[in-house]
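Engineer: I'd like to ask you about the structure that follows.
The values are calculated or read from the model by the stated rules, or taken from the named source; none is laboratory data. Note that the structure is a prediction, hence the values are computed from the model and not measured. Counting neighbours? That spans all protein chains shown, and the Cβs are built from the backbone with ideal geometry, glycine included. Quick note on the areas: whole protein, heavy atoms, side chains included, nothing else; ligands and nucleic acids left out. Shrake-Rupley method; radii C 1.70, N 1.55, O 1.52, S 1.80 Å.
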Amino acid sequence: MEYQGKQVFARYGIEISPGDVATSADEAVAVAGRVGYPVVVKAQVHTGGRGKAGGVKLAADAEEARLHAANILGLDIKGHVVKVLWVEHASDITEEYYASFTLDRSAKKHLGMLSASGGVEIESVAATDPDAIARVWVDPTIGLTPDMARTWVSAARLNPAATEGAVQILQTLYRCYVDGDCDLAEINPLILTPGGEVKALDAKVSLDVSASFRHPEWDAFAGTEDFDERERLARDKALQYVGLDGTVGIIANGAGLAMSTVDVVSQVGGTPANFLDIGGGASAEVMAAALEVIESDEKVQAIFINIFGGITRGEEVANGIVQALSRFTPSSPIVIRLDGTNAEEGRRILEPHLSDRVVSRPTMLEAARTAVTLAGVAGSSA
Ligand code: GDP
Ligand code: MN
């Protein structure tokens, strides 16, 4: 959550506003008194877009702080109920920017992104105006040199008054990202104040769990993840599940295949509802559990089962699917793509169970197209 990201930022010297967490309106007012009015009262949930959802409010005095705190606590933001607030001294904003570092695996470098169009979701900037994002690829053995930072900042065409501050904070963000073992360190908005200060108003950090052995300070974050209902259900059934916002439910065996399936569904114009990896086996139990998790998401309009038989052979997979469907009838149409070891045999087993609600396609691409079409049809009739 933001306040945890800000703890990480503060540790590495990134400038943030003074603030603290609060779990009640009384506490929020107490924090506001300490940091000084005006304040901003902010919902702490594991999702972005809080501003748009009414989860970020400015307060000029104690009365307003109490009102906003009371309203925001308990608010449901994209399925996350607000239980914690962050209250900080409010900043005056001249401009809002976006800045982040992530790993670009294919380039084997760190990727820095900087945009003068911050504050809004970067995906929409990337979609409508990709040139508005200045990118820099940083060789990890060299790091982000001051010269590189300067060139990068000028490419982003920020307000000239922000140049110095941006160069400084981006180098600090890079150190935070590298030394702090982050997979992602994002500031949105990074702001320029009327006084010429450049600082972080929001923080989004994702930590590389394989580095946790060298970060005892991360223990403080344990147990604060709030899984949504589907994630909890999946965890209980030992399935790897990541919830997304689309309409095509995806079941695949192996994380690599699940990710490619998400990509292919997007490529053919669909929107994945999740990423569900059932792992090596595809028994009836596992398949039924996976279908049940997907079924609990009302946004799902079609289910795409993409299985590549390896050690688990095609006929076992097919039997698993058939048995799962005999126990449990999902309300969405299902598209199955079965390939790999004994796929032919598997498809023969599926054959008698196919209908206009359960279809089989030989390739991943065709299956994805069919699933997206079915999701569209189901979606428009709903
Ligand atoms: P998000 O919507 O979840 O990304 O939440 P943010 O922390 O990014 O806040 C959303 C928006 O609220 C920002 O883009 C700002 O426009 C506004 N905001 C946040 N903090 C302040 C503040 O201290 N002062 C002012 N004036 N606006 C703020
Ligand atoms: Mn933000």
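Engineer: Quick check: from the Cα gyration tensor, does segment 95-220 come out rounded (a/c under 1.5), prolate or oblate?
Structural biologist: prolate
Engineer: Once amide H atoms are built 1.01 Å from N in the peptide plane, which residues 5 or more positions from GLU15, or in another chain, come under 5 Å H to H?
Structural biologist: The list, which skips near neighbours in sequence, is ALA200.
Engineer: Next question. Would segment 295-382 count as rounded, prolate or oblate if I go by the C-alpha gyration tensor, calling it rounded below 1.5 in a/c and otherwise prolate when a/b exceeds b/c, oblate otherwise?
Structural biologist: It comes out prolate by the Cα gyration axes.
Engineer: Still on this structure, I have one more. Rolling a 1.4 angstrom probe over the protein heavy atoms, how many square angstrom per residue are accessible across the chain?
Structural biologist: Per residue, the chain has 47 Å² of solvent-accessible surface.
Engineer: Arrange the residues PHE213, PHE275 by how much accessible surface each exposes, largest first, with a 1.4 angstrom probe. Write out the running numbers ahead of the final one.
Structural biologist: Details: PHE213 160, PHE275 35 Å².
Sorted descending by solvent-accessible area, the residues read PHE213, PHE275.
Engineer: Treat each spin label as a single point 7 Å out from the Cα along the C-beta direction, and report the ASP76 to LEU58 distance in nm.
Structural biologist: According to this spin-label approximation, the distance is 3.0 nm.
Engineer: Looking at the square roots a ≥ b ≥ c of the eigenvalues of the Cα gyration tensor of segment 229-377, which shape do they give, rounded for a/c under 1.5, prolate if a/b is larger than b/c, or oblate?
Structural biologist: rounded
Engineer: Then there is this: Quantify, in whole percent, the carbon and sulfur part of the accessible surface of the chain (1.4 Å probe; protein heavy atoms only). Provide the component values of the computation, followed by the final result.
Structural biologist: On the way: 9380 of 17880 Å².
Of the solvent-accessible surface of the chain, carbon and sulfur hold 52 percent.
Engineer: Between segment 272-314 and segment 339-376, how many Å separate their Cα centres?
Structural biologist: Taking the Cα centre of each part, segment 272-314 and segment 339-376 sit 13 Å apart.
Engineer: What relative contact order, as a whole-number percentage, does the chain give when Cα pairs under 8 Å and 6 or more residues apart are counted?
Structural biologist: That works out to 12 percent.
Engineer: May I pose another question? Suppose the chain between GLU164 and THR47 were pulled fully straight at 0.36 nm per residue; how much longer would it get relative to their current alpha carbon spacing?
Structural biologist: My answer for the length gained is 39.0 nm.
Engineer: Right, next: For the chain, count all C-alpha to C-alpha pairs, find those more than 36 Å apart, and express that count as a whole percent of the total.
Structural biologist: 36
Engineer: Still on this structure, please answer the following. Taking the alpha-carbon centroid of each part, what is the distance from segment 173-187 to segment 89-133 in angstrom?
Structural biologist: Taking the Cα centre of each part, segment 173-187 and segment 89-133 sit 14 Å apart.
Engineer: When we measure straight from the Cα of LYS199, which aspartates and glutamates land under 15 angstrom away, once same-chain ones fewer than 8 places off are left out?
Structural biologist: GLU2, GLU15, GLU88, ASP92, GLU95, GLU96, GLU164, GLU186
Engineer: Further question: How many Lys pairs in segment 39-198 lie less than 25 angstrom apart by Cα atoms, where the lysines are 8 or more positions apart or on different chains?
Structural biologist: So the count of such lysine pairs works out to 8.
Engineer: Would you work out the charge dipole size for segment 131-277 about its Cα centre, treating the Cβ of every Lys and Arg as +1 and the Cβ of every Asp and Glu as -1, and quote it to the nearest 20 debye? Please list the in-between numbers first.
Structural biologist: On the way: 11 positive and 22 negative charges, 60 e Å.
Result for segment 131-277 is approximately 280 debye, rounded to the nearest 20.
Engineer: Could I ask something else about it? Please check: in the Gaussian network model of the chain (C-alpha springs, under 10 Å), which one of LEU192, LEU73, LEU354 has the largest mean-square fluctuation.
Structural biologist: Comparing LEU192, LEU73, LEU354 in the GNM, the peak value goes to LEU354.
Engineer: Students sometimes get this wrong: rank TRP152, TRP137, TRP218 by accessible area, probe 1.4 Å, all chains present, largest first. Let's see the in-between values first.
Structural biologist: On the way: TRP152 5, TRP137 110, TRP218 30 Å².
Result, largest first: TRP137, TRP218, TRP152.
Engineer: What does a probe at THR363 reach in segment 237-261, counting residues whose amide N is under 18 Å from the point 7 Å along Cα→Cβ?
Structural biologist: Correct set: 260-261.
Engineer: Along segment 146-163, what does the Karplus equation 6.51 cos²θ - 1.76 cosθ + 1.60 (θ = phi - 60°) give for ³J(HN,Hα), rounded to whole Hz, x for Gly and Pro?
Structural biologist: Ordered by residue, 3J(HN,Hα) equals x, 4, 4, 4, 5, 4, 4, 4, 6, 5, 7, 6, 6, 3, x, 5, 8, 3 Hz.
Engineer: How large is the helix-only mean residue ellipticity at 222 nm for the chain, computed as the sum of -39500 (n - 2.57) over DSSP H runs with n ≥ 4, divided by its residue count, in deg cm²/dmol to the nearest 500?
Structural biologist: That comes out to -11000 deg cm²/dmol.
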